[in-house]
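Visitor: There's a structure below that I have some questions on.
The values are calculated or read from the model by the stated rules, or taken from the named source; none is laboratory data. These numbers come from a predicted model, not from an experiment. We place every Cβ from the backbone using ideal geometry, glycine too, and count neighbours over all the protein chains shown. To get the accessible areas, we keep the full protein, side chains included, count just its heavy atoms, and leave off ligands, DNA and RNA. Shrake-Rupley method; radii C 1.70, N 1.55, O 1.52, S 1.80 Å.
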Amino acid sequence: MSKKLLIKNIKNLVQVRETSLETVSGKDMKVLPCINNAWLAIDNGLIADFGKMEDFPGITDWKDLEVIDATGKIVLPCYVDSHTHIVYAGNREQEFADRIKGLTYEEIANRGGGILNSAKLLRETSEEELFEQSLVRFKEIISQGTGAVEIKSGYGLNLEAELKMLRVIKKLKELDLIPVKATFLGAHAIPAEFKNNKEGYINLIINEMLPAIAKEKLADYIDVFCEKNYFTAEETKKILEAGKKHGLIPKVHAEQLSHTSGIKTGVECGAISVDHLEFCNDEDITILKKSKTMPTILPGAAFFLNLPLPPARKIIDNGLPLAIASDYNPGSSPSGNMNLMMSLSCIQYKLTPEEVINAVTINTSYAMGLSKEMGSITIGKYANIIITKPISSYSFIPYSFGSNLIESVYLGGKKFEL
Ligand code: NIG
Ligand code: FE
């Protein structure tokens, strides 16, 4: 018998939508529907019903019902993190120190550090050990409010190590804690052994990696790092189109360190999202307007690498939707804390708390194909929810940057314990 949960006296039930929305765009991003003094019922892992306390119909069946009193607390749907690289080996804290001393991310990469450094470590790490290391981060982000996550490969850069990463992602998925989507990012960098033969590596991705991944059904999406010294727009297109032939949906790491036309390429290939966008220009905004591609910013990476800020305000003011994800990875964003990503988005990008909450729930759900399951308090959606500590309002979450205001996370009506 499934366990039932009733949360009563909720000070503010946030992101309440009668019907499931695919995306929230432009001016609508400033609207965040809430119910004050609310109740929320969960049954069979799903949101069963909700309403105002004054209209609470009462309980007829108390059997197997757990009741939580949330007086003074706020309830939100869990955050959906649509861009991470949480499966990796070791860390890159030495490069962090090198950057503080003056080296740039590019200089570190050019001397064999960066993504290639992580690839070297990952190849030396067993699948079991990689799973254990990644599991710590997986549980960490859930405790910080993430209730669904997209995870990329891309630190293997050969068939065996890319498969190892994707199998670890599959194992995390099979824990059945939260929804997990897997992205094949073989085109994350050119491995050392193909230094002078990029075409050879692209052929390996297309002719060997993709068929093997498709055979084991290890990926939902295909992604490419479209960037100077990595993959050109033309190469990106070739790889994304090859992925599509195997049923994978495109995503792009676009315009992060320079303008490389990743947005245009992504839109042309029907990408579900284009992510980073530091060098997104007005023409790109016009291109995005004619598409169904979700522009996604990754404030942790721009902050950690001191990059120019993506034009998030302009994107929304042009009537577009915007998603915000963490990019949790060892090189450019060693944090998956979505509360912090929300604070950075308000403080640095001048987005309102309502806009950022829409960006990390409904719009990221779209960017990982979970619009029907996640992102809002809607009957029938997964009951992955956050209960805060007693706080004054939802704006207090991005306002209190660096503080943990989450008291508990419930996944399908069950309390998550670290
Ligand atoms: O999303 N931009 C490319 N890939 C990652 C960084 C990878 C790394 O430095 O390990 C990113 O920022
Ligand atoms: Fe990334």
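Visitor: What number results when the radius of gyration of the stretch 331-413, computed over Cα atoms, is divided by 2.2 N^0.38 Å? Each step should come with its number before you reach the end.
Guide: Details: Rg = 13.3 Å, N = 83, 2.2 N^0.38 = 11.8 Å.
Taking the Cα Rg and dividing by 2.2 N^0.38 Å, one obtains 1.13.
Visitor: Give me, ordered by chain and number, the residues 5 or more places off ALA323 or on other chains with an amide H under 5 Å from its own placed amide H.
Guide: Close amide H contacts, sequence-distant or interchain: THR296, ILE297.
Visitor: What span do the alpha-carbon atoms of the chain cover on each of the three principal axes, reported in whole Å from largest to smallest?
Guide: 70, 45, 44
Visitor: Got a number for carbon plus sulfur as a percent of the stretch 80-367's accessible area, 1.4 Å probe? Let's see the in-between values first.
Guide: On the way: 5400 of 10370 Å².
Result for the stretch 80-367: 52 percent of the exposed heavy-atom area is carbon or sulfur.
Visitor: Amide H neighbours of HIS83 under 5 Å, counting only residues 5+ apart in sequence or on other chains, H built in-plane at 1.01 Å?
Guide: Result for HIS83 returns GLU150, SER326, ASP327.
Visitor: I've got another one for you. Mind listing the long-range amide H neighbours of GLU407? Cut-off is under 5 Å, sequence gap 5 or more, other chains count too, H placed in the peptide plane at 1.01 Å from N.
Guide: ILE387, THR388, LYS389
Visitor: Same structure, new question: Give me the aspartates and glutamates in straight-line cross-link reach of LYS289: C-alpha distance below 15 Å, same-chain residues under 8 apart excluded.
Guide: GLU268, ASP317
Visitor: Here's something else I'd like to know. For SER393, tell me the accessible area in Å² from a 1.4 Å probe, rounded to the nearest 10.
Guide: 40 Å²
Visitor: With θ taken as phi - 60° and the coefficients 6.51, -1.76 and 1.60, list the Karplus ³J(HN,Hα) couplings across the stretch 203-219 in order, rounded to whole Hz; mark glycine and proline as x.
Guide: So the Karplus estimates, Gly and Pro as x, are 5, 4, 4, 6, 8, 10, 5, 4, x, 5, 5, 5, 4, 8, 6, 9, 9 Hz.
Visitor: Only sites in a loop by DSSP and with at most 15 other Cβ atoms within 10 Å count here; which trypsin sites (Lys or Arg not before Pro) in the stretch 256-330 make the cut? All intermediate terms of the calculation are to be shown ahead of the outcome.
Guide: Values: sites: LYS264, LYS289, LYS290, LYS292, ARG313, LYS314; in loops: LYS290, LYS292.
When the trypsin sites (Lys or Arg not before Pro) of the stretch 256-330 are filtered for loop state and at most 15 Cβ neighbours within 10 Å, LYS290, LYS292 remain.
Visitor: Ordered by packing density, taken as the mean number of other Cβ atoms within 10 Å over each peptide's residues, highest first, how do 186-195, 332-341 rank?
Guide: Values: 186-195: 19.9, 332-341: 22.8.
Taking the mean over residues of other Cβ atoms within 10 Å, the ranking is 332-341, 186-195.
Visitor: Still on this structure, I have one more. Across the stretch 63-191, how many lysine pairs, 8 or more positions apart or on different chains, have C-alpha atoms separated by under 24 Å? Please give the number.
Guide: The result is 22.
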